[in-house]
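Structure first, then comments.
The values are calculated or read from the model by the stated rules, or taken from the named source; none is laboratory data. Every value quoted in this text rests on a predicted model; they were computed, and no experiment measured them. All Cβ positions, glycine included, derive from the backbone under ideal geometry; neighbour counts span all protein chains shown.
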Amino acid sequence: MELIKRAGKYGERVAILDNQGSYTYRELLDASSRVAACLLGGLEDLCEARVAFLVPSGFQYVATQWGIWRAGGIAVPISVFYPLPEIEYVVDNSEAQIVVVHPDFKERIQPVMRSRNIRLLLTTDAISYKKRSLLPQVEPSRRAMIVYTSGTTSKPKGVVTTHKNIEAQVVTLVSAWGWTEDDHILHVLPLHHVHGIINALTCALWSGATCEMLPRFSAAEVWSRFMSGRITLFMAVPTIYEKLIAFWDSASPEEKKKMSESCSKLRLMVSGSAPLPVSTFNRWKSISGHMLLERYGMTEIGMALSNPLYGKRIPGYVGRPLPGVKIRLVDDDGKEVREGTPGEIQVRGPGVFLEYWKDPDATQKAFKDGWFCTGDIALEENGVYRILGRKSVDIIKTGGYKVSALEVEDVLRAHPFIKECAVVGVRDAQWGERVCAAIVLKEGCTLDLDSLRSWAKERLAVYKIPSRMLVLKELPRNAMGKVVKPDIVTLFTVSG
């Protein structure tokens, strides 16, 4: 594997910083070699056996992941935030033969192990394994990882990527975002999705950079790390930037000045995994001086579109195709649309996944003439793309019109009383679907539907204005901060 070969040349450079200490690339290679030997247990090759692992962010996570790869296994990361039913789903669906778990999570995994004939390993035992073993040669075409989709619109599917797919995804981003061995990224993302695994962690280690990993997000800790002056890169989801903004707002004038000045030490800040409100983009720019780099990708394809490292970044747009990635937009009949006409994004390239695990029908349906059908609708304007939303939940068909939920959300967020909102289509016998808005109000504010509609009429076409509204304490979200819109549709259905 090229990743392992590259790590060898970085030797004594610091690879990982976590709450337990500092670890060099040499120490990472040695630890992952011991994990691999432990997993093999006398075998020559795991031959793509699935190895699920429940390990918090830090050195032990990376040593385990690399050890699985070096032993010839398929790495299946499990979120440390998953409840028991979701852990069981991943273990069962992936047909995991081994589960590696951090000691802190041993009790949580025990109910899964009792009813299943699966080998259990503790990370501490694997990393301290004494017996050495010859490790197999792992070809780039072999399966490397199964990452489960967010499950915001359907049951999570296991996305299978090969070592070659991962390498293609990483090489593209390292080039596009200017990664070097002098970089130092602060990693706060969950490590069961591409954003955290590929964009932040693997790109850093491919480049010989340092990856500083926090066990969980803390706005106070992130600002503290920014002010250390060592961080050069930061990647997050929009909700994290909103929490950093809120923390900055609560600080004293002197603290605000220091915090804002610290951001000048970073060379790049990236936002992804969910739509970035234009208001958040502009507010973060005023606080930090950074125009967040927005990009577009999926579990199945890695990253496909990106704003430029150098050059103009347009709020609300996700940029142009990355090197080696081909993009086209098609209509409902599969025909390419003209520029300026909305269409479904289809993708080709070496980073596109191999298959959905144990689901050949879904795999076949996902491709058309060699193009992966993302299910996302976008608009191309002067070669730059703007995401309009998921075909299944963000494109609302009402009274013969197609409405982008994301467009309506951007407008509603400008209302002085609205803190957060999510727009969905709810089935209706007369209109096909009704435009409905779930909103979270700012503290001390009240708002009724008539007032909202009156305000929106000056900013939206009549057919785009919500006809129903629910006020919530918070929006339902998954671990990546994505709003789970089917849950919101259910709330409207239940409320009548």
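Observations
- Listed by first and then second residue, the pairs with beta-carbon distance under 6 Å, at least 6 apart or on different chains, first residue in the stretch 436-455 and over 22 Å from residue 242 (Cα atoms), second in a helix (DSSP H, G or I), are 436/492.
- Criterion violated by residue 322 - all others in (1) touching an Asp or Glu at 6+ places or on another chain (Cβ under 9 Å); (2) at pLDDT 95 or above; (3) under 18 Å from residue 233 (Cβ atoms) satisfied: (1)
- Pairs, first over 16 Å from residue 239 (Cα atoms) in the stretch 215-228, second of a type in the set (Lys, Arg) and in a helix (DSSP H, G or I), C-beta under 9 Å, six or more apart: 226/265; 227/258; 227/265; 228/265
- Residue list for the stretch 325-336, filter: assigned to a loop (DSSP other than H, G, I, E, B) and surrounded by 16 or more Cβ atoms within 10 Å (Cβ to Cβ): 325
- Scan of the stretch 296-308 for residues that are within 11 Å of the chain's Cα centre (by Cα) and in a strand (DSSP E or B), ordered by number: 296, 297, 298, 302, 303
Every residue, every condition in (1) touching a residue at least 60 places away in the same chain (Cβ under 8 Å); (2) in contact with a helix residue (DSSP H, G or I) (Cβ under 7 Å, 6 or more places away or on another chain), yes or no:
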position: 377; (1), (2): no, no
position: 407; (1), (2): no, no
position: 410; (1), (2): yes, yes
position: 414; (1), (2): yes, yes
position: 421; (1), (2): no, yes
position: 430; (1), (2): no, no
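- Matching entry among 133, 141 (being in a loop (DSSP other than H, G, I, E, B), modelled with pLDDT of 95 or more and within 26 Å of residue 2 (Cα to Cα)): 141
- Selection status of residue 231, part of a helix (DSSP H, G or I) and crowded, with 21+ Cβ neighbours inside 10 Å: no
- Top-ranked residue in the stretch 418-432 [being within 29 Å of residue 481 (Cβ to Cβ) and surrounded by fewer than 18 Cβ atoms within 10 Å (Cβ to Cβ); ranked as modelled with the highest pLDDT]: 419
- The conditions of being over 20 Å from the mean Cα position of the chain (by Cα), assigned to a loop (DSSP other than H, G, I, E, B) and farther than 22 Å from residue 160 by Cα are not met by residue 287.
- Top-ranked residue of the stretch 150-174 - restricted to ones that are of a type in the set (S, T, N, Q) and touching a Phe, Trp or Tyr at 6+ places or on another chain (Cβ under 9 Å), ranked as nearest to residue 476 (Cα to Cα): 161
- Pairs with Cβ under 6 Å, 6+ apart, first in the stretch 331-357 and closer than 11 Å to residue 161 by Cβ and in contact (Cβ under 8 Å) with a residue 60 or more places away in the chain, second hydroxyl-bearing (Ser, Thr, Tyr) and surrounded by 15 or more Cβ atoms within 10 Å (Cβ to Cβ): 353/161; 354/162; 355/363
- Number of positions in the stretch 392-405 that are under 23 Å from the mean Cα position of the chain (by Cα) and crowded, with 19+ Cβ neighbours inside 10 Å: 5
- Residue 378 meets the stated requirement of being surrounded by 15 or more Cβ atoms within 10 Å (Cβ to Cβ), within 24 Å of the chain's Cα centre (by Cα) and farther than 20 Å from residue 162 by Cα.
- Boolean, residue 251 is within 25 Å of residue 477 (Cβ to Cβ) and either of a type outside the set (Asp, Glu) or in a loop (DSSP other than H, G, I, E, B) (or both): no
- Evaluation of residue 189 against (1) part of a loop (DSSP other than H, G, I, E, B); (2) free of Cβ contacts under 8 Å to residues at least 40 places away in the same chain (one fails), failing number: (2)
- Any hit, the stretch 112-125, residues being more than 25 Å from residue 354 (Cβ to Cβ), in contact (Cβ under 8 Å) with a residue 60 or more places away in the chain and surrounded by 18 or more Cβ atoms within 10 Å (Cβ to Cβ): yes
- The residue list 479, 437, 414 contains one member that is modelled with pLDDT of 90 or more, among the small types (Gly, Ala, Ser), part of a loop (DSSP other than H, G, I, E, B) and over 22 Å from residue 344 (Cα atoms), which is 414.
- Hits in the stretch 213-228 - residues which are aliphatic (A, V, I, L, M) and part of a loop (DSSP other than H, G, I, E, B): 214
- With respect to the stated conditions, residue 361 fails to be surrounded by fewer than 21 Cβ atoms within 10 Å (Cβ to Cβ), part of a loop (DSSP other than H, G, I, E, B) and not hydroxyl-bearing (Ser, Thr, Tyr).
- Selection status of residue 79, of a type in the set (Ser, Thr, Tyr), closer than 29 Å to residue 182 by Cβ and touching a residue at least 12 places away in the same chain (Cβ under 8 Å): no
- Top-ranked residue of the stretch 338-357 - restricted to ones that are modelled with pLDDT of 95 or more and part of a loop (DSSP other than H, G, I, E, B), ranked as farthest from residue 94 (Cα to Cα): 349
- Odd one out for residue 446 among (1) farther than 21 Å from residue 392 by Cα; (2) of a type in the set (S, T, N, Q); (3) not in a loop (DSSP other than H, G, I, E, B): (3)
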